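Worksheet: the structure to be examined is printed underneath.
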Amino acid sequence: MAAEPGGASISEAEAPLPISLSQKLDHLFRTVHPSERGEYTFEEVAEEIRARGGPTISATYIWQLRKGLRDNPTKKHLEALADFFGVPPAYFFDNDAATRIDAELALLVALRDGSVRQLALRAFGLSPSSLKTIASMVERVRELEGLPDQLTVPTADSVAASDQSNADET
């Protein structure tokens with residue numbers, strides 16, 4: 001799955017699974033944006049869709065879709081929004097697809113953390129037995145630090161804090 005240039009970033013921890021069109025679109029706005037800044041503006045989204053040759057769509061209409069004030073966009077509008085955010089159009093129609101895509105987005109965000117990325121790269125090529133040992137060690141450390149068993153979606157703030165903490169340690 002493609003992400004926008006600059007990578008994806010999460011702005012909410014443990015957000016409930018999006019259900020409605022407005023919730024899904026809001027989740028994409030909060031999740032997919034350049035790593036060095038916050039959410040795209042409605043104007044940026046509308047302009048980029050136009051620049052890519054997509055259908056005419058206004059910033060106001062995108063805002064209305066996100067807020068749930070409008071809820072019946074054309075197929076072309078949904079395809080253009082999906083293309084902008086780097087997700088398949090099925091994201092808007094199929095909750096199972098949306099769940100899978102959201103998990104992929106969470107993984108991309110986790111890999112933006114330099115320390116997580118370094119650990120993953122260093123583990124590449126190890127035997128299944130070694131990977132199982134490392135996974136057990138990580139689970140034990142998570143337990144010692146009081147972190148939940150299941151993977152939670154990291155926030156942009158937690159990724160930035162982790163990067164800063166790692167920079168301070170070196």
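Mind checking whether some residue in region 49-63 is in contact with a Leu (Cβ under 6 Å, 6 or more places away or on another chain) and at pLDDT 95 or above? No; the residues of region 49-63 include none that is in contact with a Leu (Cβ under 6 Å, 6 or more places away or on another chain) and at pLDDT 95 or above. Going by the conditions given, is Val45 under 18 Å from Phe92 (Cα atoms) and modelled with pLDDT under 95? Criteria not met by Val45. Summed over region 118-135, the residues that are farther than 20 Å from Asp149 by Cα and surrounded by 12 or more Cβ atoms within 10 Å (Cβ to Cβ) give a count of 2. Within region 47-62, the set of residues being part of a helix (DSSP H, G or I) and more than 13 Å from Leu28 (Cα to Cα) comprises Glu47, Glu48, Ile49, Arg50, Ala51, Ala59, Thr60, Tyr61. I'm trying to understand the selection: among the residues of region 63-76, which are touching a residue at least 24 places away in the same chain (Cβ under 8 Å) and open to solvent by less than 60 Å² (accessible area, probe 1.4 Å)? Within region 63-76, Leu65, Arg66, Gly68, Pro73 qualify. Taking every residue in region 122-147 that is assigned to a helix (DSSP H, G or I) and pairing it with any residue that is of a type in the set (D, E, K, R), at least 6 positions away or on another chain, the pairs with Cβ-Cβ distances below 9 Å are Glu139/Asp149; Arg142/Asp149; Glu143/Asp149. Would region 136-156 turn up any residue that is modelled with pLDDT of 95 or more and open to solvent by 50 Å² or more (accessible area, probe 1.4 Å)? The answer is no; no qualifying residue exists. Picking from residues in region 20-36 that are touching a helix residue (DSSP H, G or I) at 6+ places or on another chain (Cβ under 7 Å) and in a loop (DSSP other than H, G, I, E, B), the one that is modelled with the highest pLDDT is Val32. Set side by side, the residues Glu79, Glu44, Glu104 differ, and just one is open to solvent by 40 Å² or more (accessible area, probe 1.4 Å), assigned to a helix (DSSP H, G or I) and either in contact (Cβ under 8 Å) with a residue 40 or more places away in the chain or not acidic (Asp, Glu) (or both), which is Glu104. Are any residues in region 43-59 touching a Lys or Arg at 6+ places or on another chain (Cβ under 9 Å) and either of a type in the set (Gly, Ala, Ser) or more than 11 Å from Leu81 (Cα to Cα) (or both), and if so, which ones? Matches in region 43-59: Gly54, Thr56.
The values are calculated or read from the model by the stated rules, or taken from the named source; none is laboratory data. Just so you know, these numbers come straight off a predicted model, no measurement behind them. All Cβ positions, even for glycine, are placed from backbone atoms using ideal geometry, and neighbour counts span all protein chains on display. In case anyone asks, the SASA skips ligands and DNA or RNA and just uses the protein heavy atoms, side chains included. Shrake-Rupley method; radii C 1.70, N 1.55, O 1.52, S 1.80 Å.
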